[in-house]
Amino acid sequence: MNRQQKGAIAAGHKLTAEAGADMLREGGSAVDAAIAALAVACVCEPVLASPGGGGFAMLRDGESGETILIDFFPQTPWARRGNSTNGFRHIQADFGATTQVFHIGPATVAAPGFFAGLSALRGKGAIFSFADLYAPAIQIAEQGHNITAYQYYLSTVVRPILTATKAARDLFAPGGELSQAGDVFRNPELAGMFREASHGDWVKTNIADQLLSEQASDGHLIRDDLESYQVVERQPVLVSINGSKVHLNPLPAASGTLIRYALAQLERCEALDLAKALQETDAARLSARSDLSVLLDRPMRQQGTTHISTIDANGNACAVTVSNGTGSGEMVSGYGFMLNNILGEEDVNPHGSFDWPVNTRLASMMCPTLIETPDGCLIALGSGGSSRIRSAIFQSVARLCLESANLHHAIDAPRLHVEDGHLDIETILPGQEMSQLAGAYPDHKIWSDKNMYFGGVHAVRADADCQFDGVGDQRREGVAIVVD
């Protein structure tokens, strides 16, 4: 007879996953595990997660079987306060093989939804207090942790952002150079922030006061932006594939609609079929422009960011993806965290830093996903990776639902991505598959190995007998823990 297991969690850092696993071990729910893990992600994955950002969570209630999407993505401010260029500047991130321009500064900051989102999550089945849930993050922030090779690499990519202001340099480059892999990284100010936030509504704390004081001259946020922020519950986009029910992030997030559209083109998981489905979806995205709702009318065939997935023994599940954009370079002084640059993210906000729609949820590619299979399995997954989020999740879902692949194969299989007619593909596929792809896509790049460019799908699975499995995507240093 199988021993009863308590749940599973997959995340982008060992300490992030361990914090969630400890909550499951102590009798907490999937929501408890997700909240504790999110707090630790802000400590150990500061380039990807911050209290200054926001995200989305797909939740399943084990008792009712209901699934809902919790939207706590940043919101544009109530008003634009002039076109001063003092709060807006360009930097260039260096990815090695390519570079990309980002916009940072106080004028790129949207109203963060992180703490409002955690409060909403806690009301959906958590049993521990915020003091308990934040305790692992506080301990790690004070005692320090060793920077991993992957986290160091990320810091080098966005070096201009992490050194943009004195407060950022003091934290991330205290000796004038970025902290190296293996160095001990401490952030006692962030520990103090989590202590203060654990006592109640963060908008009524000194944390919010300090944020607003630093936005006063060149930013857009005022107190009304923080006080009026609302977490929104949405009905997921529901897709049926071979008897499996797939729950995806709905509009205004773009991801779920685009993934649904791609799945509608697919009957099998051959590389060329996957590429063509992604190509047709990219063409549809470009033709639809800002009105992706038109893509929802197509009938289905039957057939960047960090992410945390967790399921408990009671059938509760939480797949949650968070982002800080690339970060604005602006720290909340005395509290150890950087604010988002969502108003400066062109692929999220094409209107520009001084021409965005006021008081509006912007679109996002983040797509926490839940799958319910015909044989009673429950799978929670999601990914970081900017525009590659949709292709990473599309391919993982297709392999799980069309091929009935096991979790490890679905996540580890080589991925591809098609955008603007260009094909990127991981590794060289077997001869005929590769020649077909090269013939169909003369404009292509073959990557020498699996790479973080193609996302990082962290996934967990519970079968009908409440036995668990998990995969942390090695493309992004993922870790999975099954809790006995």
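Brief remarks on what is shown
- GluC sites (Glu not before Pro) restricted to DSSP loop in segment 1-70 with at most 16 other C-beta within 10 Å: GLU26, GLU63, GLU66
- Pairwise centroid distance, computed over Cα atoms, of segment 305-332 with segment 250-271, Å: 22 Å
- Residues of segment 174-195 falling in the label zone of GLU142, defined by backbone nitrogen less than 13 Å from a point 7 Å along Cα to beta-carbon, are 187-195.
- Order of exposure, largest accessible area first, which applies to TYR453, TYR153, TYR229 with probe 1.4 Å: TYR153, TYR453, TYR229
- Calculated mean residue ellipticity at 222 nm for the chain: -9500 deg cm²/dmol, from DSSP H runs with n ≥ 4 weighted as -39500 (n - 2.57), summed, divided by the residue count and rounded to 500.
- Taking 7 Å steps out from each Cα toward its Cβ at ALA93 and THR360 produces label points 2.3 nm apart.
- Beta bridges per DSSP with both ends in the chain, % antiparallel, nearest 5: 90 percent
- In a fully extended conformation the segment linking SER333 and ASP465 would gain 42.6 nm over its present Cα-Cα distance, using 0.36 nm per residue.
- Note on segment 194-293: Kirkwood hydrodynamic radius from all Cα pairs is 17.4 Å, rounded to one decimal.
- Compactness of the chain - radius of gyration and Dmax, Cα, Å: 21.1, 68
- Once you reduce segment 6-20 and segment 188-234 to the center of their Cα atoms, the two points are 27 Å from each other.
- Distance (nanometres) between label positions extended 7 Å along Cα→Cβ at SER240 and ASP201: 4.4 nm
- Remark: for residue pairs LYS245/LYS450; LYS166/LYS204; LYS276/LYS445; LYS14/LYS450, the C-alpha separation exceeds 24 Å in LYS245/LYS450; LYS166/LYS204.
- Three principal axis extents describe the C-alpha atoms of segment 1-134; from largest down they are 65, 38, 27 Å.
- Overall form of segment 226-282 per C-alpha gyration tensor (a/c, 1.5; a/b vs b/c): oblate
- Trypsin sites (Lys or Arg not before Pro) within segment 1-54: DSSP coil, no more than 16 neighbouring Cβ in 10 Å: ARG3
The values are calculated or read from the model by the stated rules, or taken from the named source; none is laboratory data. Computed from a prediction, not measured in an experiment: that's the story for all the values here. Because the Cβ atoms are built from the backbone with ideal geometry, glycine has one as well, and the counts that use them run over all protein chains shown. When the accessible area is computed, the model is the full protein with side chains, heavy atoms only, and any ligands, DNA or RNA have been set aside. Shrake-Rupley method; radii C 1.70, N 1.55, O 1.52, S 1.80 Å.
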